[in-house]
Amino acid sequence: SNVLLTDLEKLQVLGHGNGGTVYKVQHKRTSKIYALKIVHGDNDPTVRRQVLREMDILRRTDSPHIVRCHGIHDKPSGDIAIVLEYMDAGTLDSLLRGNGTFSEPELAHVARHILKGLSYLHSNKIIHRDIKPSNLLVNKKMEVKIADFGVSKIMCRTLDPCNSYVGTCAYMSPERFDPDTYGGNYNGYAGDIWSLGLTLMELYMGHFPFLSPGQRPDWATLMCAICFGNPPSLPAGVSDEFRGFIECCLQKESSKRWTATQLLGHPFLCKHPISNK
Ligand code: ADP
Ligand code: MG
């Protein structure tokens, strides 16, 4: 059931990103709402490769925790249009800015959904590599789903840590900068767990953990803090379970970090069981 582009009417812009625009669109006959991501056709082979990788991953994934794809179209103009499930409550980033910081029970809910998505991806040999609040989408049913596979990677037998400078630097794990020191037996999956840890901390504190509120990122300083400093820690007043959970995500040595499946059984999530609110 591939949704045709000629059946879609553009309603508004939902977001801009690297080389593309995402629109809210409506199906003319069914009235169903979708998100349409248009990536501008580019002669730049790197951009082209990224888009092809994203298409490939979206075609392969089938999980309630990953944003669903309802069709991919190669337009004559060279643009590529991807029809996506519309997430009607926005991103975790927009929710943070609109509703303020998240409580521990809310974060346990968010963490469980993202970990189920990551566990699915990792068991299918896919590393997301760009986990951050603006790539995590929410709907009114309070489901949280992973989106934006622009820089993701399907693992092959050959590992190529040199080809790993993609994604948003700020959320990148120590071993992405310095695989010799923090990589252990480098496998890449643990990088997504580091980014998840930073994301949850940001949602709790209201600002990016490596920076003070309102501080502008200076990439060199940030990279030094990630590689040479201690991992950020939560302020006083949080529960032991939440603090422990974040510590399991933010181990600098990637092999000491818990996996997505292990984290799903962490006491922090057991303390806040699935609710149907
Ligand atoms: P980019 O690679 O350009 O960052 P994204 O896939 O992250 O592209 O989309 C950019 C923005 O568009 C997101 O941060 C979000 O605000 C919005 N967006 C993307 N997909 C959807 C969707 N399925 N439903 C609702 N909003 C979306
Ligand atoms: Mg994005």
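Residues are listed down the side, and each one gets a yes or a no for (1) more than 21 Å from Lys116 (Cα to Cα); (2) among the hydroxyl-bearing types (Ser, Thr, Tyr):
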residue: Gly20; (1), (2): yes, no
residue: Gln26; (1), (2): yes, no
residue: Arg29; (1), (2): yes, no
residue: Tyr34; (1), (2): yes, yes
residue: Ile38; (1), (2): yes, no
residue: Gly41; (1), (2): yes, no
residue: Arg49; (1), (2): yes, no
residue: Arg53; (1), (2): yes, no
residue: His65; (1), (2): no, no
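Counting the residues of the range 20-32 that are farther than 19 Å from Leu137 by Cβ and surrounded by 14 or more Cβ atoms within 10 Å (Cβ to Cβ) gives 1. Out of Leu95, Leu14, one residue alone is buried (at least 16 other Cβ atoms within 10 Å of the Cβ), within 14 Å of ligand 2 (Cβ to nearest atom), within 23 Å of Thr199 (Cα to Cα) and free of Cβ contacts under 8 Å to residues at least 60 places away in the same chain. It is Leu14.
Within the range 34-65, the residues that satisfy the criterion of being in contact (Cβ under 8 Å) with a residue 60 or more places away in the chain, within 14 Å of ligand 1 (Cβ to nearest atom), within 12 Å of Phe149 (Cα to Cα) and not polar (S, T, N, Q) are Val51, Arg53, Glu54, Ile57, Leu58. Taking the stated definitions as given, is Asp178 within 13 Å of ligand 1 (Cβ to nearest atom) and either at pLDDT below 95 or among the β-branched types (Val, Ile, Thr) (or both)? The answer is no for Asp178. Pro231 fulfils the conditions (1) within 19 Å of Ile131 (Cβ to Cβ); (2) at pLDDT below 95 except for a single criterion, (2).
Only one entry in Ser134, Ser152 is touching a strand residue (DSSP E or B) at 6+ places or on another chain (Cβ under 7 Å), within 16 Å of ligand 2 (Cβ to nearest atom) and modelled with pLDDT under 90, namely Ser152. For Met55, the stated conditions do not hold, so it cannot be described as within 16 Å of ligand 2 (Cβ to nearest atom), under 19 Å from Val3 (Cβ atoms) and modelled with pLDDT of 95 or more.
The set of residues in the range 132-155 that are of a type in the set (A, V, I, L, M, F, W, C) and in a helix (DSSP H, G or I) is empty. For the residues Asp44, Asp62, the requirement of being among the acidic types (Asp, Glu) and either at positive phi or at pLDDT 85 or above (or both) singles out Asp62.
At least 3 residues that are farther than 27 Å from His122 by Cα in each: list the strands (runs of 3 or more DSSP E) lying fully within the range 1-100 that qualify.
The qualifying strands (runs of 3 or more DSSP E) are 8-17, 20-27.
Filtered by the rule that a residue be out of contact with any Phe, Trp or Tyr (no Cβ under 9 Å at 6 or more places or on another chain) and assigned to a helix (DSSP H, G or I), the range 197-220 gives Met205, Trp219, Ala220.
Residues checked against (1) touching a Gly at 6+ places or on another chain (Cβ under 8 Å); (2) within 21 Å of Gly188 (Cα to Cα); (3) loosely packed, with under 14 Cβ neighbours inside 10 Å; (4) not β-branched (Val, Ile, Thr):
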| residue | (1), (2), (3), (4) |
| --- | --- |
| Gly237 | no, no, yes, yes |
| Asp240 | no, no, yes, yes |
| Cys249 | yes, yes, no, yes |
| Glu253 | yes, yes, yes, yes |
| Arg257 | no, yes, no, yes |
| Leu263 | no, yes, no, yes |
| Phe268 | yes, no, no, yes |
| His272 | no, no, no, yes |
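For the range 103-131, the set of residues classified as out of contact with any strand residue (DSSP E or B) (no Cβ under 8 Å at 6 or more places or on another chain), buried (at least 19 other Cβ atoms within 10 Å of the Cβ) and not in a helix (DSSP H, G or I) consists of Asp130 only.
The values are calculated or read from the model by the stated rules, or taken from the named source; none is laboratory data. Remember, predicted model here, so these are calculated numbers, not experimental data. With ideal geometry, Cβ positions are generated from the backbone for all residues, glycine too; neighbour counts draw on all protein chains shown.
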